[in-house]
1. Of the residues A:ASP195, A:ASP204, A:ASP155, A:ASP238, only one is exposed (fewer than 14 other Cβ atoms within 10 Å of the Cβ) and of a type outside the set (Lys, Arg); which?
2. Evaluate the following for B:SER168: is it under 13 Å from the mean Cα position of the chain (by Cα), open to solvent by less than 20 Å² (accessible area, probe 1.4 Å) and of a type outside the set (Asp, Glu)?
3. Only one of (1) among the charged types (D, E, K, R); (2) farther than 30 Å from B:GLU206 by Cα; (3) at pLDDT below 85 is not met by B:ARG124, so which one is it?
4. Of everything in region A:226-240, what is under 17 Å from A:PHE198 (Cβ atoms) and either of a type in the set (A, V, I, L, M) or out of contact with any Asp or Glu (no Cβ under 9 Å at 6 or more places or on another chain) (or both)? Give them in sequence order.
5. Looking at (1) aromatic (Phe, Trp, Tyr); (2) within 30 Å of A:LEU44 (Cβ to Cβ); (3) more than 14 Å from chain A (Cβ to nearest Cβ), find the lone condition where B:PHE169 falls short.
6. Return the total of residues in region A:1-39 being hydroxyl-bearing (Ser, Thr, Tyr) and either open to solvent by 30 Å² or more (accessible area, probe 1.4 Å) or at pLDDT below 90 (or both).
7. Failed condition for B:VAL219, given (1) within 14 Å of another protein chain (Cβ to nearest Cβ); (2) open to solvent by 10 Å² or more (accessible area, probe 1.4 Å), with all others met?
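The values are calculated or read from the model by the stated rules, or taken from the named source; none is laboratory data. For clarity, every value in this text was computed on a predicted model and none was experimentally measured. Ideal geometry is used to build each Cβ from the backbone, glycine not excepted, and the neighbour counts take in all protein chains shown. Note: accessible area is taken over every heavy atom of the protein model, side chains too, but ligands, DNA and RNA are not part of it. Shrake-Rupley method; radii C 1.70, N 1.55, O 1.52, S 1.80 Å.
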Amino acid sequence: MMRTENISKFYDEKAVVEGVSVDIPKGKITSFIGSNGAGKSTLLSVMSRLIKQSGGKVYLEGTPVTDIEDSELAKRVSILKQSSHINIRLTVRELVSFGRFPYSGGRLTQEDEDIVSRAIGYMDLMESENNYIDTLSGGQRQRAFIAMIIAQDTDYVLLDEPLNNLDMKHSVQIMKTLRRLTDELGKTVVLVIHDINFASCYSDYIAALKDGKLAGFGTVEQMIESGILKDIFGMDFDVREMNGSRICLYYT
Amino acid sequence: MRDSAKLAVLFAASLVCVLLFIFYDAGSDLSFILPERGAKVAAMVLTGVAVAYSSVIFQTITFNRILTPSVMGFDAVYLFLQTVALFFFGGGGFMMVNEVFNFTVSAASLMLFTFFLYRLVFVRKGNVFFLMLVGVVMWTLFRSLTVFMQMLIDPNEYAIVQDTMFASFNNVRADLIGVSAVIIALVALFCVPMLRKLDVMLLGREHAVNLGISYDVLVKKSLIIITLLVAIPTALVGQMTFLGIIVSNLAYETMKTYKHAYVITCASLFSIIAIAGGQFILERVFYFNITISVIINFAGGIYFIYLLTRESKR
(Lines give C-alpha, C1' and ligand atoms only; values in the text may rest on other atoms or scores of the structure.)
Protein backbone atom coordinates (compact mmCIF):
# COMPACT_ATOMS: atom_id res chain seq x y z
CA MET A 1 0.00 0.00 0.00
CA MET A 2 1.14 3.47 -0.75
CA ARG A 3 -0.05 6.15 1.59
CA THR A 4 0.21 9.88 1.68
CA GLU A 5 -0.19 11.62 4.97
CA ASN A 6 -1.19 15.23 5.09
CA ILE A 7 0.76 16.19 1.96
CA SER A 8 1.04 19.90 1.23
CA LYS A 9 2.92 21.76 -1.44
CA PHE A 10 3.27 25.52 -1.47
CA TYR A 11 4.72 27.69 -4.19
CA ASP A 12 5.62 30.88 -2.33
CA GLU A 13 2.43 31.37 -0.31
CA LYS A 14 0.09 29.63 -2.71
CA ALA A 15 -1.01 26.12 -1.79
CA VAL A 16 -1.18 23.80 -4.78
CA VAL A 17 -1.82 20.73 -2.68
CA GLU A 18 -3.09 21.04 0.85
CA GLY A 19 -3.36 18.35 3.50
CA VAL A 20 -4.04 15.40 1.23
CA SER A 21 -4.12 12.02 2.95
CA VAL A 22 -4.97 9.09 0.76
CA ASP A 23 -4.33 5.35 0.81
CA ILE A 24 -3.64 3.81 -2.57
CA PRO A 25 -4.87 0.19 -2.46
CA LYS A 26 -2.34 -2.39 -3.60
CA GLY A 27 -2.87 -4.31 -6.82
CA LYS A 28 -5.56 -1.95 -8.09
CA ILE A 29 -5.86 0.92 -10.53
CA THR A 30 -6.52 4.25 -8.85
CA SER A 31 -7.31 7.32 -10.94
CA PHE A 32 -6.85 10.91 -9.83
CA ILE A 33 -9.52 13.12 -11.34
CA GLY A 34 -10.21 16.84 -11.03
CA SER A 35 -10.14 20.09 -12.96
CA ASN A 36 -7.00 21.67 -14.32
CA GLY A 37 -4.90 23.06 -11.53
CA ALA A 38 -6.53 20.91 -8.86
CA GLY A 39 -3.12 19.55 -7.85
CA LYS A 40 -3.35 16.03 -9.31
CA SER A 41 0.00 16.10 -11.10
CA THR A 42 1.71 17.80 -8.19
CA LEU A 43 0.46 15.13 -5.83
CA LEU A 44 1.68 12.42 -8.17
CA SER A 45 5.09 14.13 -8.45
CA VAL A 46 5.38 14.33 -4.67
CA MET A 47 4.47 10.65 -4.33
CA SER A 48 7.23 9.78 -6.77
CA ARG A 49 9.84 12.14 -5.19
CA LEU A 50 10.14 14.32 -8.31
CA ILE A 51 9.03 17.28 -6.19
CA LYS A 52 9.79 17.82 -2.53
CA GLN A 53 6.64 18.42 -0.51
CA SER A 54 6.33 21.37 1.83
CA GLY A 55 4.70 19.21 4.48
CA GLY A 56 3.49 15.69 5.12
CA LYS A 57 4.90 12.27 4.39
CA VAL A 58 4.65 9.54 1.81
CA TYR A 59 4.79 5.93 2.97
CA LEU A 60 5.53 2.88 0.87
CA GLU A 61 4.38 -0.33 2.59
CA GLY A 62 4.70 1.49 5.89
CA THR A 63 8.20 2.89 5.34
CA PRO A 64 8.65 6.61 4.68
CA VAL A 65 9.99 6.94 1.13
CA THR A 66 12.68 9.31 2.38
CA ASP A 67 14.18 6.34 4.24
CA ILE A 68 14.54 4.31 1.05
CA GLU A 69 17.66 4.68 -1.11
CA ASP A 70 17.00 6.34 -4.47
CA SER A 71 18.35 3.38 -6.38
CA GLU A 72 16.23 0.99 -4.34
CA LEU A 73 13.08 3.07 -4.73
CA ALA A 74 13.52 3.00 -8.51
CA LYS A 75 12.93 -0.76 -8.38
CA ARG A 76 9.65 -0.28 -6.53
CA VAL A 77 8.04 2.92 -7.80
CA SER A 78 8.17 4.35 -11.30
CA ILE A 79 6.75 7.58 -12.66
CA LEU A 80 6.07 8.84 -16.16
CA LYS A 81 5.29 12.52 -16.63
CA GLN A 82 3.37 14.10 -19.49
CA SER A 83 5.84 15.90 -21.67
CA SER A 84 8.92 13.95 -22.42
CA HIS A 85 11.27 15.85 -24.65
CA ILE A 86 14.66 14.23 -24.93
CA ASN A 87 17.86 15.90 -26.05
CA ILE A 88 19.62 12.95 -27.56
CA ARG A 89 18.92 10.65 -30.46
CA LEU A 90 17.83 7.27 -29.16
CA THR A 91 16.19 4.27 -30.73
CA VAL A 92 13.05 2.85 -29.16
CA ARG A 93 14.99 -0.14 -27.92
CA GLU A 94 17.71 2.01 -26.36
CA LEU A 95 15.05 4.06 -24.58
CA VAL A 96 13.23 1.02 -23.25
CA SER A 97 16.58 -0.44 -22.14
CA PHE A 98 17.02 2.54 -19.82
CA GLY A 99 14.12 1.07 -17.85
CA ARG A 100 16.50 -1.68 -16.71
CA PHE A 101 19.03 0.79 -15.32
CA PRO A 102 17.98 0.37 -11.66
CA TYR A 103 18.77 -3.35 -11.91
CA SER A 104 21.72 -3.51 -14.25
CA GLY A 105 23.38 -0.13 -13.78
CA GLY A 106 23.69 0.19 -17.55
CA ARG A 107 25.15 -3.22 -18.37
CA LEU A 108 22.27 -5.30 -19.68
CA THR A 109 22.25 -9.02 -19.04
CA GLN A 110 20.43 -11.50 -21.25
CA GLU A 111 17.55 -11.46 -18.79
CA ASP A 112 17.33 -7.67 -19.08
CA GLU A 113 17.27 -7.94 -22.86
CA ASP A 114 14.39 -10.41 -22.67
CA ILE A 115 12.42 -8.12 -20.37
CA VAL A 116 13.05 -5.20 -22.72
CA SER A 117 11.81 -7.25 -25.68
CA ARG A 118 8.71 -8.26 -23.77
CA ALA A 119 7.96 -4.65 -22.80
CA ILE A 120 8.31 -3.59 -26.44
CA GLY A 121 5.96 -6.39 -27.42
CA TYR A 122 3.43 -5.36 -24.76
CA MET A 123 3.27 -1.90 -26.30
CA ASP A 124 3.10 -3.24 -29.87
CA LEU A 125 6.32 -1.53 -30.97
CA MET A 126 8.21 -4.49 -32.43
CA GLU A 127 8.34 -3.06 -35.95
CA SER A 128 9.68 0.30 -34.87
CA GLU A 129 12.11 -0.86 -32.17
CA ASN A 130 15.13 0.30 -34.17
CA ASN A 131 13.64 3.62 -35.22
CA TYR A 132 14.78 6.83 -33.60
CA ILE A 133 12.19 8.24 -31.22
CA ASP A 134 12.28 11.70 -32.78
CA THR A 135 10.95 10.14 -36.00
CA LEU A 136 7.94 8.56 -34.28
CA SER A 137 4.41 9.91 -34.07
CA GLY A 138 3.26 11.35 -30.74
CA GLY A 139 1.31 8.21 -29.96
CA GLN A 140 4.18 5.85 -30.73
CA ARG A 141 6.53 7.95 -28.64
CA GLN A 142 4.13 7.85 -25.70
CA ARG A 143 3.93 4.08 -26.02
CA ALA A 144 7.72 3.85 -26.13
CA PHE A 145 7.92 5.71 -22.81
CA ILE A 146 5.28 3.47 -21.29
CA ALA A 147 7.28 0.47 -22.51
CA MET A 148 10.27 1.86 -20.62
CA ILE A 149 8.19 2.04 -17.43
CA ILE A 150 7.00 -1.52 -18.00
CA ALA A 151 10.60 -2.66 -18.43
CA GLN A 152 11.40 -0.98 -15.12
CA ASP A 153 9.10 -3.61 -13.60
CA THR A 154 8.12 -1.81 -10.40
CA ASP A 155 5.27 -2.78 -8.10
CA TYR A 156 3.92 0.75 -8.22
CA VAL A 157 3.47 2.51 -11.54
CA LEU A 158 2.52 6.20 -11.51
CA LEU A 159 1.45 7.74 -14.80
CA ASP A 160 0.68 11.38 -15.43
CA GLU A 161 -1.88 11.61 -18.25
CA PRO A 162 -0.71 8.57 -20.17
CA LEU A 163 -3.42 9.02 -22.80
CA ASN A 164 -2.14 12.40 -23.88
CA ASN A 165 -1.58 12.51 -27.66
CA LEU A 166 -3.14 9.11 -28.18
CA ASP A 167 -5.98 8.24 -30.51
CA MET A 168 -8.93 6.16 -29.32
CA LYS A 169 -7.53 2.85 -30.42
CA HIS A 170 -4.23 3.33 -28.65
CA SER A 171 -5.90 4.83 -25.59
CA VAL A 172 -7.99 1.71 -25.22
CA GLN A 173 -4.93 -0.43 -25.87
CA ILE A 174 -2.96 1.32 -23.12
CA MET A 175 -5.77 1.12 -20.61
CA LYS A 176 -6.14 -2.59 -21.35
CA THR A 177 -2.42 -3.05 -20.88
CA LEU A 178 -2.60 -1.28 -17.51
CA ARG A 179 -5.52 -3.53 -16.59
CA ARG A 180 -3.43 -6.57 -17.49
CA LEU A 181 -0.51 -5.23 -15.45
CA THR A 182 -2.72 -5.09 -12.39
CA ASP A 183 -4.78 -8.23 -12.95
CA GLU A 184 -2.03 -10.55 -14.17
CA LEU A 185 1.12 -9.18 -12.59
CA GLY A 186 -0.35 -7.62 -9.45
CA LYS A 187 1.02 -4.14 -10.12
CA THR A 188 -0.48 -1.08 -8.49
CA VAL A 189 -1.23 1.64 -11.03
CA VAL A 190 -1.96 5.27 -10.19
CA LEU A 191 -3.10 7.54 -12.99
CA VAL A 192 -3.83 11.18 -13.51
CA ILE A 193 -6.49 11.13 -16.16
CA HIS A 194 -8.78 13.69 -17.74
CA ASP A 195 -11.17 11.47 -19.63
CA ILE A 196 -13.73 10.64 -16.97
CA ASN A 197 -15.10 7.69 -18.95
CA PHE A 198 -11.71 6.01 -19.24
CA ALA A 199 -11.34 6.52 -15.50
CA SER A 200 -14.74 5.01 -14.92
CA CYS A 201 -14.36 2.00 -17.23
CA TYR A 202 -10.86 0.90 -16.25
CA SER A 203 -10.16 2.01 -12.67
CA ASP A 204 -10.95 0.29 -9.42
CA TYR A 205 -10.75 3.39 -7.27
CA ILE A 206 -11.15 7.09 -7.92
CA ALA A 207 -9.57 9.90 -5.95
CA ALA A 208 -10.97 13.32 -6.69
CA LEU A 209 -9.11 16.55 -6.04
CA LYS A 210 -10.49 20.02 -5.96
CA ASP A 211 -8.47 23.18 -5.26
CA GLY A 212 -5.59 21.14 -3.88
CA LYS A 213 -7.71 19.24 -1.39
CA LEU A 214 -9.02 15.71 -1.49
CA ALA A 215 -12.66 15.98 -2.49
CA GLY A 216 -13.49 12.32 -2.30
CA PHE A 217 -12.08 8.82 -2.49
CA GLY A 218 -13.88 5.58 -3.20
CA THR A 219 -14.67 2.82 -5.63
CA VAL A 220 -15.88 3.68 -9.11
CA GLU A 221 -19.46 2.88 -8.07
CA GLN A 222 -19.24 5.29 -5.16
CA MET A 223 -17.54 8.09 -7.03
CA ILE A 224 -19.01 8.10 -10.54
CA GLU A 225 -22.27 9.61 -9.49
CA SER A 226 -23.76 12.79 -10.82
CA GLY A 227 -24.03 14.58 -7.47
CA ILE A 228 -20.39 13.93 -6.54
CA LEU A 229 -19.08 14.78 -10.01
CA LYS A 230 -21.03 18.04 -10.00
CA ASP A 231 -19.30 18.97 -6.74
CA ILE A 232 -15.87 18.20 -8.17
CA PHE A 233 -16.13 19.72 -11.62
CA GLY A 234 -18.92 22.28 -11.17
CA MET A 235 -20.93 21.03 -14.13
CA ASP A 236 -23.82 18.66 -14.78
CA PHE A 237 -23.22 15.02 -15.59
CA ASP A 238 -25.68 12.48 -16.88
CA VAL A 239 -24.42 9.13 -15.59
CA ARG A 240 -25.75 6.01 -17.36
CA GLU A 241 -25.08 2.34 -16.82
CA MET A 242 -24.05 0.73 -20.13
CA ASN A 243 -22.67 -2.79 -20.62
CA GLY A 244 -21.80 -2.95 -16.95
CA SER A 245 -19.80 0.31 -16.90
CA ARG A 246 -20.77 3.78 -15.87
CA ILE A 247 -20.64 6.26 -18.70
CA CYS A 248 -20.88 9.99 -18.13
CA LEU A 249 -22.53 12.20 -20.70
CA TYR A 250 -21.49 15.78 -20.37
CA TYR A 251 -20.82 16.90 -23.93
CA THR A 252 -23.98 18.97 -24.40
CA MET B 1 31.84 2.77 -39.50
CA ARG B 2 31.46 1.42 -35.99
CA ASP B 3 32.13 3.69 -33.04
CA SER B 4 35.17 1.74 -31.85
CA ALA B 5 36.66 1.87 -35.35
CA LYS B 6 36.17 5.63 -35.43
CA LEU B 7 37.90 5.93 -32.07
CA ALA B 8 40.82 3.87 -33.39
CA VAL B 9 41.18 6.17 -36.40
CA LEU B 10 41.02 9.26 -34.20
CA PHE B 11 43.55 7.76 -31.83
CA ALA B 12 45.92 7.10 -34.71
CA ALA B 13 45.41 10.64 -36.01
CA SER B 14 46.13 12.18 -32.63
CA LEU B 15 49.22 10.00 -32.24
CA VAL B 16 50.46 11.19 -35.62
CA CYS B 17 49.89 14.80 -34.61
CA VAL B 18 51.77 14.34 -31.36
CA LEU B 19 54.69 12.51 -32.98
CA LEU B 20 54.92 15.01 -35.81
CA PHE B 21 55.06 17.81 -33.30
CA ILE B 22 57.88 16.16 -31.36
CA PHE B 23 60.05 14.75 -34.14
CA TYR B 24 59.49 16.91 -37.19
CA ASP B 25 62.63 18.88 -37.95
CA ALA B 26 64.11 17.83 -34.64
CA GLY B 27 67.70 17.78 -35.88
CA SER B 28 70.26 15.23 -34.83
CA ASP B 29 70.59 16.15 -31.20
CA LEU B 30 67.35 14.91 -29.68
CA SER B 31 68.50 15.40 -26.12
CA PHE B 32 68.23 19.12 -26.50
CA ILE B 33 64.85 19.32 -28.22
CA LEU B 34 63.09 16.42 -26.56
CA PRO B 35 62.57 17.81 -23.03
CA GLU B 36 61.27 21.12 -24.32
CA ARG B 37 58.89 19.71 -26.91
CA GLY B 38 57.97 16.84 -24.62
CA ALA B 39 56.79 19.29 -21.97
CA LYS B 40 54.73 21.14 -24.57
CA VAL B 41 53.12 17.98 -25.86
CA ALA B 42 52.37 16.78 -22.35
CA ALA B 43 50.67 20.09 -21.64
CA MET B 44 48.69 19.78 -24.86
CA VAL B 45 47.45 16.30 -24.10
CA LEU B 46 46.53 17.19 -20.52
CA THR B 47 44.78 20.36 -21.61
CA GLY B 48 42.92 18.55 -24.37
CA VAL B 49 41.66 15.81 -22.11
CA ALA B 50 40.70 18.17 -19.27
CA VAL B 51 38.80 20.54 -21.55
CA ALA B 52 36.93 17.74 -23.31
CA TYR B 53 36.12 15.88 -20.11
CA SER B 54 34.85 18.92 -18.24
CA SER B 55 32.81 20.26 -21.16
CA VAL B 56 30.98 17.03 -21.88
CA ILE B 57 30.08 16.51 -18.23
CA PHE B 58 29.03 20.13 -17.80
CA GLN B 59 26.80 19.91 -20.86
CA THR B 60 25.15 16.80 -19.47
CA ILE B 61 24.31 18.21 -16.05
CA THR B 62 23.01 21.45 -17.59
CA PHE B 63 21.07 19.63 -20.35
CA ASN B 64 22.59 21.98 -22.89
CA ARG B 65 25.00 21.37 -25.75
CA ILE B 66 26.24 24.88 -26.32
CA LEU B 67 27.68 25.64 -22.89
CA THR B 68 31.13 25.27 -21.43
CA PRO B 69 32.12 25.49 -17.78
CA SER B 70 33.38 29.03 -18.38
CA VAL B 71 29.80 30.38 -18.09
CA MET B 72 30.01 29.50 -14.43
CA GLY B 73 32.89 31.92 -14.06
CA PHE B 74 35.50 29.33 -13.06
CA ASP B 75 38.25 30.78 -15.20
CA ALA B 76 37.28 34.33 -14.27
CA VAL B 77 37.79 33.41 -10.63
CA TYR B 78 41.13 31.82 -11.47
CA LEU B 79 42.30 34.92 -13.28
CA PHE B 80 41.05 37.06 -10.43
CA LEU B 81 43.14 35.06 -7.95
CA GLN B 82 46.24 35.47 -10.09
CA THR B 83 45.68 39.20 -10.33
CA VAL B 84 45.09 39.51 -6.60
CA ALA B 85 48.33 37.66 -5.92
CA LEU B 86 50.22 39.95 -8.25
CA PHE B 87 48.54 43.02 -6.86
CA PHE B 88 49.48 42.28 -3.30
CA PHE B 89 52.74 40.37 -3.57
CA GLY B 90 54.14 41.58 -6.89
CA GLY B 91 55.78 39.60 -9.69
CA GLY B 92 58.53 38.30 -7.45
CA GLY B 93 56.18 37.23 -4.68
CA PHE B 94 56.01 33.64 -3.52
CA MET B 95 52.70 33.09 -5.29
CA MET B 96 54.21 33.83 -8.66
CA VAL B 97 57.53 32.12 -8.13
CA ASN B 98 56.34 28.78 -6.79
CA GLU B 99 53.96 27.52 -9.43
CA VAL B 100 52.90 24.34 -7.68
CA PHE B 101 52.02 26.32 -4.57
CA ASN B 102 50.15 28.84 -6.68
CA PHE B 103 48.21 26.09 -8.40
CA THR B 104 47.30 24.39 -5.13
CA VAL B 105 46.04 27.61 -3.59
CA SER B 106 44.13 28.57 -6.74
CA ALA B 107 42.54 25.16 -7.18
CA ALA B 108 41.55 25.07 -3.51
CA SER B 109 40.00 28.55 -3.76
CA LEU B 110 38.11 27.50 -6.87
CA MET B 111 36.74 24.49 -5.02
CA LEU B 112 35.64 26.79 -2.25
CA PHE B 113 33.92 29.02 -4.80
CA THR B 114 32.06 26.04 -6.27
CA PHE B 115 31.16 24.81 -2.84
CA PHE B 116 29.59 28.15 -1.90
CA LEU B 117 27.74 28.41 -5.19
CA TYR B 118 26.40 24.91 -4.64
CA ARG B 119 25.45 25.46 -0.99
CA LEU B 120 23.92 28.89 -1.35
CA VAL B 121 22.24 28.51 -4.71
CA PHE B 122 21.70 24.94 -5.77
CA VAL B 123 20.68 23.47 -2.42
CA ARG B 124 18.16 26.25 -1.83
CA LYS B 125 16.73 26.52 -5.31
CA GLY B 126 17.35 22.97 -6.50
CA ASN B 127 17.81 24.25 -10.00
CA VAL B 128 20.85 24.05 -12.28
CA PHE B 129 19.69 26.95 -14.41
CA PHE B 130 19.53 29.32 -11.48
CA LEU B 131 23.00 28.12 -10.52
CA MET B 132 24.27 29.04 -13.97
CA LEU B 133 22.61 32.46 -13.86
CA VAL B 134 24.38 33.23 -10.61
CA GLY B 135 27.55 31.87 -12.21
CA VAL B 136 27.22 34.31 -15.10
CA VAL B 137 26.78 37.22 -12.68
CA MET B 138 29.84 36.03 -10.73
CA TRP B 139 31.79 35.83 -13.96
CA THR B 140 31.04 39.49 -14.68
CA LEU B 141 31.84 40.50 -11.12
CA PHE B 142 35.22 38.79 -11.01
CA ARG B 143 36.01 39.89 -14.51
CA SER B 144 35.41 43.56 -13.64
CA LEU B 145 37.39 43.30 -10.41
CA THR B 146 40.25 41.72 -12.32
CA VAL B 147 40.30 44.41 -14.98
CA PHE B 148 40.17 47.08 -12.31
CA MET B 149 43.19 45.70 -10.50
CA GLN B 150 45.05 45.20 -13.74
CA MET B 151 44.66 48.92 -14.41
CA LEU B 152 46.43 49.69 -11.18
CA ILE B 153 49.41 47.37 -11.37
CA ASP B 154 52.78 47.87 -12.96
CA PRO B 155 52.69 47.23 -16.76
CA ASN B 156 55.49 44.68 -16.45
CA GLU B 157 53.49 42.73 -13.95
CA TYR B 158 50.45 43.05 -16.14
CA ALA B 159 52.34 41.12 -18.79
CA ILE B 160 52.51 38.19 -16.37
CA VAL B 161 48.73 37.94 -15.96
CA GLN B 162 48.32 38.36 -19.67
CA ASP B 163 49.98 35.00 -20.14
CA THR B 164 47.17 33.40 -18.19
CA MET B 165 44.50 35.21 -20.13
CA PHE B 166 45.23 33.62 -23.48
CA ALA B 167 46.32 30.07 -23.92
CA SER B 168 49.78 29.69 -25.28
CA PHE B 169 51.87 26.58 -25.56
CA ASN B 170 55.08 28.52 -25.85
CA ASN B 171 55.27 29.22 -22.18
CA VAL B 172 54.02 26.03 -20.61
CA ARG B 173 54.38 25.98 -16.86
CA ALA B 174 56.35 22.78 -16.84
CA ASP B 175 56.38 22.42 -13.03
CA LEU B 176 52.66 21.77 -13.10
CA ILE B 177 52.65 18.92 -15.61
CA GLY B 178 53.20 16.22 -13.01
CA VAL B 179 50.53 17.53 -10.62
CA SER B 180 48.05 17.95 -13.46
CA ALA B 181 48.64 14.46 -14.77
CA VAL B 182 48.06 12.97 -11.33
CA ILE B 183 44.85 14.97 -10.85
CA ILE B 184 43.46 14.02 -14.26
CA ALA B 185 44.25 10.36 -13.66
CA LEU B 186 42.55 10.41 -10.24
CA VAL B 187 39.51 12.26 -11.57
CA ALA B 188 39.17 9.87 -14.49
CA LEU B 189 39.27 6.90 -12.12
CA PHE B 190 36.77 8.49 -9.75
CA CYS B 191 34.51 9.24 -12.69
CA VAL B 192 34.27 5.82 -14.29
CA PRO B 193 31.41 4.52 -12.13
CA MET B 194 29.67 7.85 -12.63
CA LEU B 195 29.65 7.75 -16.41
CA ARG B 196 26.72 5.35 -16.67
CA LYS B 197 24.71 7.54 -14.34
CA LEU B 198 25.51 10.51 -16.51
CA ASP B 199 24.17 8.52 -19.47
CA VAL B 200 20.82 8.37 -17.68
CA MET B 201 20.98 12.10 -16.98
CA LEU B 202 20.76 12.68 -20.72
CA LEU B 203 17.10 11.68 -20.51
CA GLY B 204 16.39 14.74 -18.36
CA ARG B 205 15.94 15.22 -14.65
CA GLU B 206 12.57 13.54 -14.26
CA HIS B 207 13.51 10.33 -16.03
CA ALA B 208 16.83 10.26 -14.23
CA VAL B 209 15.17 10.54 -10.81
CA ASN B 210 12.62 7.93 -11.82
CA LEU B 211 15.46 5.56 -12.70
CA GLY B 212 17.01 5.97 -9.28
CA ILE B 213 19.66 8.62 -9.88
CA SER B 214 20.29 10.82 -6.84
CA TYR B 215 20.17 13.96 -8.92
CA ASP B 216 21.56 16.40 -6.33
CA VAL B 217 24.45 14.15 -5.40
CA LEU B 218 25.38 13.60 -9.02
CA VAL B 219 25.32 17.33 -9.76
CA LYS B 220 27.53 17.99 -6.73
CA LYS B 221 30.10 15.38 -7.71
CA SER B 222 30.10 16.59 -11.30
CA LEU B 223 30.67 20.18 -10.21
CA ILE B 224 33.65 19.17 -8.09
CA ILE B 225 35.16 17.26 -10.98
CA ILE B 226 34.51 20.10 -13.41
CA THR B 227 36.13 22.63 -11.09
CA LEU B 228 39.30 20.57 -10.83
CA LEU B 229 39.41 19.93 -14.54
CA VAL B 230 38.92 23.59 -15.39
CA ALA B 231 41.75 24.64 -13.11
CA ILE B 232 44.26 22.45 -14.96
CA PRO B 233 44.24 23.95 -18.47
CA THR B 234 43.87 27.46 -17.11
CA ALA B 235 46.94 27.01 -14.94
CA LEU B 236 49.00 25.07 -17.47
CA VAL B 237 48.52 27.15 -20.57
CA GLY B 238 45.69 29.67 -20.20
CA GLN B 239 42.04 29.93 -21.17
CA MET B 240 40.61 27.93 -24.05
CA THR B 241 37.11 29.33 -24.39
CA PHE B 242 35.60 27.63 -27.40
CA LEU B 243 37.58 24.42 -27.58
CA GLY B 244 35.15 22.60 -25.29
CA ILE B 245 32.12 23.44 -27.41
CA ILE B 246 33.81 22.41 -30.64
CA VAL B 247 35.14 19.07 -29.48
CA SER B 248 32.08 17.98 -27.53
CA ASN B 249 29.75 18.73 -30.42
CA LEU B 250 32.07 17.09 -32.92
CA ALA B 251 32.11 14.06 -30.68
CA TYR B 252 28.33 13.91 -30.46
CA GLU B 253 28.11 14.15 -34.25
CA THR B 254 30.75 11.52 -34.83
CA MET B 255 29.65 8.94 -32.31
CA LYS B 256 26.42 7.10 -32.98
CA THR B 257 26.02 6.31 -29.31
CA TYR B 258 25.10 8.64 -26.47
CA LYS B 259 27.34 6.80 -24.01
CA HIS B 260 29.68 9.07 -22.08
CA ALA B 261 32.58 6.65 -22.12
CA TYR B 262 32.66 6.91 -25.91
CA VAL B 263 31.74 10.57 -26.24
CA ILE B 264 34.36 11.74 -23.74
CA THR B 265 37.09 9.62 -25.31
CA CYS B 266 36.15 10.90 -28.74
CA ALA B 267 36.05 14.54 -27.57
CA SER B 268 39.44 14.16 -25.87
CA LEU B 269 41.02 12.79 -29.03
CA PHE B 270 39.51 15.58 -31.10
CA SER B 271 40.91 18.18 -28.78
CA ILE B 272 44.40 16.64 -28.81
CA ILE B 273 44.26 16.67 -32.62
CA ALA B 274 43.04 20.25 -32.65
CA ILE B 275 45.74 21.49 -30.30
CA ALA B 276 48.76 19.40 -31.31
CA GLY B 277 47.89 19.28 -35.02
CA GLY B 278 46.98 22.95 -35.11
CA GLN B 279 50.09 24.02 -33.25
CA PHE B 280 52.27 21.90 -35.52
CA ILE B 281 50.84 23.42 -38.69
CA LEU B 282 51.05 26.93 -37.33
CA GLU B 283 54.56 26.67 -35.95
CA ARG B 284 56.41 24.40 -38.32
CA VAL B 285 54.59 24.67 -41.61
CA PHE B 286 53.49 28.29 -41.83
CA TYR B 287 55.96 29.74 -39.31
CA PHE B 288 53.19 31.90 -37.92
CA ASN B 289 53.95 33.63 -34.74
CA ILE B 290 50.50 33.38 -33.18
CA THR B 291 49.18 30.92 -30.65
CA ILE B 292 46.79 28.16 -31.53
CA SER B 293 44.17 29.41 -29.09
CA VAL B 294 43.52 32.42 -31.29
CA ILE B 295 42.72 30.14 -34.21
CA ILE B 296 40.65 27.83 -32.02
CA ASN B 297 38.65 30.71 -30.63
CA PHE B 298 38.11 32.04 -34.12
CA ALA B 299 37.01 28.72 -35.58
CA GLY B 300 35.10 27.97 -32.40
CA GLY B 301 33.21 31.23 -32.60
CA ILE B 302 32.05 30.46 -36.12
CA TYR B 303 31.07 26.92 -35.21
CA PHE B 304 29.20 28.25 -32.18
CA ILE B 305 27.13 30.57 -34.36
CA TYR B 306 26.41 27.66 -36.70
CA LEU B 307 25.22 25.59 -33.73
CA LEU B 308 22.99 28.43 -32.54
CA THR B 309 21.32 28.85 -35.92
CA ARG B 310 20.83 25.11 -36.24
CA GLU B 311 19.32 24.76 -32.77
CA SER B 312 16.94 27.66 -33.38
CA LYS B 313 15.60 25.96 -36.51
CA ARG B 314 14.53 22.88 -34.60
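1. When all the criteria are applied, what remains is A:ASP238.
2. no
3. (2)
4. Applying the first criterion (under 17 Å from A:PHE198 (Cβ atoms)) to region A:226-240 yields A:229, A:232-233, A:237, A:239-240.
Of everything in region A:226-240, those that are under 17 Å from A:PHE198 (Cβ atoms) and either of a type in the set (A, V, I, L, M) or out of contact with any Asp or Glu (no Cβ under 9 Å at 6 or more places or on another chain) (or both) turn out to be A:LEU229, A:ILE232, A:PHE233, A:VAL239, A:ARG240.
5. B:PHE169 satisfies every listed condition except (2).
6. Of region A:1-39, the ones hydroxyl-bearing (Ser, Thr, Tyr) are A:4, A:8, A:11, A:21, A:30-31, A:35.
After this cut, where a residue has to be either open to solvent by 30 Å² or more (accessible area, probe 1.4 Å) or at pLDDT below 90 (or both) as well, the list is A:11, A:21, A:35.
The number of residues fulfilling the criteria is 3.
7. (2)
Here is a yes/no grid of residues against (1) assigned to a strand (DSSP E or B); (2) touching a residue at least 12 places away in the same chain (Cβ under 8 Å):
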position: A:ILE174; (1), (2): no, yes
position: A:ARG179; (1), (2): no, yes
position: A:ALA199; (1), (2): no, yes
position: A:LEU209; (1), (2): yes, yes
position: A:GLY227; (1), (2): no, no
position: A:ILE232; (1), (2): no, yes
position: A:ILE247; (1), (2): yes, yes
